[in-house]
Amino acid sequence: MMGESKRKSYTGAFKAKVALAAILLWLIGTAAERCGLHERLRPGTRKRRAYSRLFLARLLLTLEDCRTSIAELVDGIGSPDQWVARDHDALLAV
């Protein structure tokens, strides 16, 4: 039988992997918005955001039609520290 400490270790590792996956999906979704890919996937013509960043990332990674968009996304990502600086400046301006 698995001891209590091993079970907690596996649970902690699983939670860490889920958190990392969520962060990566958020980063991919944010990059897609910055590159304008979300506008091509938006149903209808509304200006409002149709998908969350996490769901947008999942769409890009799973839909066969979006495979070419991933290449555009990789080219347009840039440096993550620039994202943080822009988002930080935007938060301070509010």
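Bear in mind that the values in this text are calculations on the coordinates, not laboratory data. These figures come from a predicted structure and were not determined experimentally. Cβ sites come from the backbone with ideal geometry, for glycine too, and all protein chains shown count toward neighbours.
Each peptide in 49-59, 9-19, 29-39, 63-73 gets a packing score, the mean of other Cβ atoms within 10 Å over its residues, and the list from highest to lowest is 29-39, 49-59, 63-73, 9-19. Over the C-alpha atoms of the stretch 26-74, the Rg to Rh ratio, Rh being the Kirkwood estimate, stands at 0.92. Summing charges over neighbours of residue 22, with a neighbour being any other residue whose Cβ is under 13 Å away from its Cβ, gives +4 when K and R count +1 and D and E count -1.
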